[in-house]
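> Below is a structure I'd like to ask you about.
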Amino acid sequence: MPKRPTDHPAEAASARNSSPAAKPASAIFPPSPDTPTPLLGNLTPSQFMRRYWQKKPLLIRQAIPHVEAPLSRDELFELADEDDVEARLITHFRNKWQLEHGPFAPDELPSLKRRAWTLLVQGVDLHDDRARALLDRFRFVPDARLDDLMISYATDGGGVGPHFDSYDVFLLQVKGKRRWRISAQKDLTLQPDLPLKVLQNFEAEQEWVLEPGDMLYLPPHIAHDGVAEGECMTCSIGFRAPSAGELTAQFLYHLAERGEENGRTGALYRDPQQPAVDRPAELPAALVERVGAILAEVRWNEQDIASFLGTYLSEPKPSVVFDPPQRPRNEARFISEASKFGVRLDRKTSLLYNRRFFFINGEKFPFDGSKKWLFDLADHRCLSAKRFVTLSHDSSVTARLHEWYRAGWIRMGELA
């Protein structure tokens, strides 16, 4: 039986930027690991990660007081109509679940007066600086794990049914109210023959109504069901959790690709001792043995794994397209303006690093000069004008940043 709703569980503690030259949203950097923050119920990020991350849920009242939705309803609907945006429409009319994939023209969405429908727009941080700024609040978790920000718009009674996710998620209420019910149940059987994953036997254990500013953290495989009470919007901050099979396949592909680059995989299979056969469809035992010996010679080390993860996890999603400046400055003009205004990473850019290499948008480069400026750019996603001036005498640095600027990977101007 569901428990009586409580305020906390037992453990509880600005215009859309479509132009490359648009002023960026205000930067709100994540708290330092040992600084208590309302975002986590006045826990420090270190305490949260130690006590709750991938362990148990946490309800946080007023995680972001006076929060505003990154996009208005109309802006979200407009975004859902774009070809490079992943949008889904989920309806539960006449007790029947239906799922449609976008893009959706405005007249293709149900009436706002109709109950029980939900619009999900994925990766909003790739398209709007305000959404990116909200996502950046959660960078106390490594960027390599941070995935995207999804916005869910729902009319009264709207939801996606009781379900579970295979990844961590923060559910931040940004408009209206949503009732959440959760359960740590082991039975994760799904209803058959539905277009979306709905649990067959959901039994709620805890229940709350979240209002704007409230947030619920859920680790993987916690069953949950959120239903809108009136019109509402919820931001879901999700994290990457690739499967072992996906990692294995991608890593082996990475090794093969690197082997081709280094000329190590050019030798063709040979079988000079193969006899004539009278059963041509039979797989030769010698072939199996020889290929097994080839695969047994495959070797890798920790640096191979790090290089794979850096390139794989910084690779943009297939739908991502960077917008180079329409009238790019030459290098001298770029240096002059960056010295006045600074530079920032484009909201779609991923920049990671380890001790020997840095990885930007799926490409790997060795450190060929001062590392600290790259650390600053990656960790803060911007370089101030003052910081840029100290680098401007280094032609290798300015040439690289100018190249990224021309590709649309960085923009002029600091995060405000």
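The values are calculated or read from the model by the stated rules, or taken from the named source; none is laboratory data. All figures in this text were calculated on a predicted structure; none of them were measured in a lab. Neighbour counts are summed over all protein chains in view; Cβ atoms, including those assigned to glycine, are modelled from backbone coordinates with ideal geometry.
> Checking R132 against (1) surrounded by fewer than 21 Cβ atoms within 10 Å (Cβ to Cβ); (2) touching a helix residue (DSSP H, G or I) at 6+ places or on another chain (Cβ under 9 Å), which single condition isn't satisfied?
Unmet for R132, out of (1) surrounded by fewer than 21 Cβ atoms within 10 Å (Cβ to Cβ); (2) touching a helix residue (DSSP H, G or I) at 6+ places or on another chain (Cβ under 9 Å): (1).
> When you look at V291, is it over 30 Å from L39 (Cβ atoms), β-branched (V, I, T) and more than 28 Å from the chain's Cα centre (by Cα), yes or no?
Details: over 30 Å from L39 (Cβ atoms): yes; β-branched (V, I, T): yes; more than 28 Å from the chain's Cα centre (by Cα): yes.
The answer is yes for V291.
> Right, here's the next one. So which of D107, D81 is out of contact with any His (no Cβ under 8 Å at 6 or more places or on another chain), farther than 27 Å from I182 by Cβ and at pLDDT below 95?
Step by step, each of D107, D81 is checked, and only D107 is out of contact with any His (no Cβ under 8 Å at 6 or more places or on another chain), farther than 27 Å from I182 by Cβ and at pLDDT below 95.
> Here's a follow-up. crowded, with 20+ Cβ neighbours inside 10 Å, touching a Lys or Arg at 6+ places or on another chain (Cβ under 6 Å) and not in a strand (DSSP E or B): is that true of D125 in this structure?
yes
> Just wondering, is there one or more residues in the range 273-286 that are at pLDDT below 95 and either assigned to a helix (DSSP H, G or I) or within 30 Å of L120 (Cβ to Cβ) (or both)?
Within the range 273-286, one or more residues are at pLDDT below 95 and either assigned to a helix (DSSP H, G or I) or within 30 Å of L120 (Cβ to Cβ) (or both).
> Could you pull out every one of the strands (runs of 3 or more DSSP E) wholly within the range 144-218 that has 1 or more residues that are under 30 Å from L352 (Cα atoms) and assigned by TED's automatic domain parsing to the domain that holds Q54?
146-154, 169-183, 215-218
> Provide a single number: the residues in the range 362-381 that are surrounded by 15 or more Cβ atoms within 10 Å (Cβ to Cβ) and out of contact with any strand residue (DSSP E or B) (no Cβ under 8 Å at 6 or more places or on another chain).
Residues that pass the stated criteria total 1.
> Follow-up. Need at least 2 residues that are within 17 Å of the chain's Cα centre (by Cα) and at negative phi per element, so show me which helices (runs of 4 or more DSSP H) inside the range 309-416 make the cut, counting only ones lying wholly within it.
372-380
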